[in-house]
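Before any comments, here is the structure.
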Amino acid sequence: SSLSPADFAAAAKLPNTVLLDVRTPSEFAAGHLAGAVNLDVQSSAFAQAAGSLDRTKNYAIYCHSGNRSKVAMAALGQLGIPHLFDLAGGISAWQAAGGQVVTGLSSP
């Protein structure tokens, strides 16, 4: 399901939830949500990396505008990962709503 920035922020803080940025590494480095893990949905390595994800966790997925997160949710759902939600409008909507982003390649 797609959540508003406020609902997404709240859901992403729940225990056992992984924040997944499915944009390119360069987009991720330019600004991402604190604590996010980068997994480029357009990368040839996406399927292999996605296949190794922990199916017991919840995944809060976002991209730039909401299109790639939908693709990633569909792919992860097909792999049998049951607990998925994405950010409606992507990081663009997040920033428009006053959400903070951090820069750099590694999460704090």
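The values are calculated or read from the model by the stated rules, or taken from the named source; none is laboratory data. Quantities reported herein were computed from a predicted structural model and do not represent experimental measurements. As a convention, Cβ positions derive from the backbone with ideal geometry for all residues, glycine included, and neighbour counts pool all protein chains shown. Heads up: the accessible areas ignore ligands, DNA and RNA and are worked out on the full protein's heavy atoms, side chains in. Shrake-Rupley method; radii C 1.70, N 1.55, O 1.52, S 1.80 Å.
Remarks
- Gln100 vs. criteria surrounded by fewer than 17 Cβ atoms within 10 Å (Cβ to Cβ) and assigned to a loop (DSSP other than H, G, I, E, B): yes
- Candidates Leu14, Leu39, filtered to the one that is out of contact with any His (no Cβ under 9 Å at 6 or more places or on another chain) and open to solvent by less than 30 Å² (accessible area, probe 1.4 Å): Leu39
- Filter result for Ala74 (within 18 Å of Ser1 (Cβ to Cβ) and surrounded by fewer than 18 Cβ atoms within 10 Å (Cβ to Cβ)): yes
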